[in-house]
Amino acid sequence: MPKVIYYHEFPINQHTYIIGATAEGLAFVGSEDGDVSELQKFYQDELIDDKQAVNDYAIQIAEYLNKQRQAFTLPIDISGTAFQEKVWRQVVEIPYGKTTNYTKIAAAIGRPKAVRAVGTAIGKNPILMVIPCHRVLTKDNDLGGYRGGLDMKRSLLKLEGSL
């Protein structure tokens with residue numbers, strides 16, 4: 001069933017972020033200096049630019065990026081396959097300032113051989129930072145990939161003091 005996604009582009013520090021939400025919760029956080037096309041890759045629903053509808057979410061993202069918040073307390077409204085949702089729930093459990101790797105995530109969800117599938121699910125995470133996929137590294141502790149780009153991943157890990 002189609003949803004209405006309210007979104008707006010917010011300047012936070014030296015970057016802009018597209019933040020999107022439904023009436024039920026946060027649905028999208030884009031990469032640094034991304035644009036609406038990034039949001040459109042995730043949602044083919046009706047998109048409405050409405051700053052007020054997403055402002056409370058932007059406040060929490062800004063607090064996180066300014067080291068004033070370590071955990072998010074906002075409702076989310078995303079859906080994926082059962083496997084993706086299992087991976088995302090596991091990623092949310094990674095504490096602020098800590099990292100893990102794809103292999104450990106696969107083991108934690110009971111699918112130790114599904115390391116590549118875990119990486120694919122993480123790459124489809126629509127809400128960067130809130131589902132902290134930047135905290136997932138390769139088994140050799142390399143950065144691996146990141147939808148927001150490796151510079152953004154590196155800066156988030158530095159922000160949290162884990163790099």
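If I take every Cα pair under 8 Å that is 6 or more residues apart in the range 27-108, average their sequence separation and divide by the length, what percent do I get for the relative contact order?
Here the relative contact order equals 22 percent.
Which value, to two decimals, describes the C-alpha radius of gyration of the chain once divided by 2.2 N^0.38 Å?
For the chain, the normalised Cα radius of gyration comes out at 0.99.
For the range 124-138 and the range 1-52, what is the separation of their C-alpha centers, rounded to whole Å?
The distance from the Cα centre of the range 124-138 to that of the range 1-52 comes to 17 Å.
If you stretched the chain out fully between residue 73 and residue 36, how much longer would it get, using 0.36 nm times the residue separation minus the C-alpha to C-alpha distance?
10.8 nm
With a 1.4 Å probe and every protein chain kept in, tell me what percent of the accessible surface of the chain is carbon plus sulfur.
48 percent
In terms of modelled amide H atoms, which long-range or inter-chain residues lie less than 5 Å from the amide H of residue 101?
137
So what's the range 54-148 giving for Cα Rg divided by 2.2 N^0.38 Å, two decimals?
Taking N as the residue count of the range 54-148, the ratio is 1.08.
I'd like to check one number: the per residue accessible area of the range 68-116, probe 1.4 Å, reported in Å² as a whole number.
The answer is 64 Å² per residue.
Just for the chain, what percent of DSSP beta bridges are antiparallel, to the closest 5?
Roughly 55 percent of the beta bridges in the chain run antiparallel, per DSSP.
Exceeding 26 Å between C-alpha atoms, which entries from my cross-link table qualify? They are 124/158; 41/98; 3/51; 3/158; 41/139; 104/158.
41/98; 3/158; 41/139
Let me check against my output: what whole-number percent is the relative contact order of the range 24-163, with C-alpha pairs under 8 Å and at least 6 apart?
29 percent
The values are calculated or read from the model by the stated rules, or taken from the named source; none is laboratory data. Everything quoted here is computed from the prediction, not taken from an experiment. Protein only, heavy atoms only, side chains kept; ligands, DNA and RNA dropped before computing areas. Shrake-Rupley method; radii C 1.70, N 1.55, O 1.52, S 1.80 Å.
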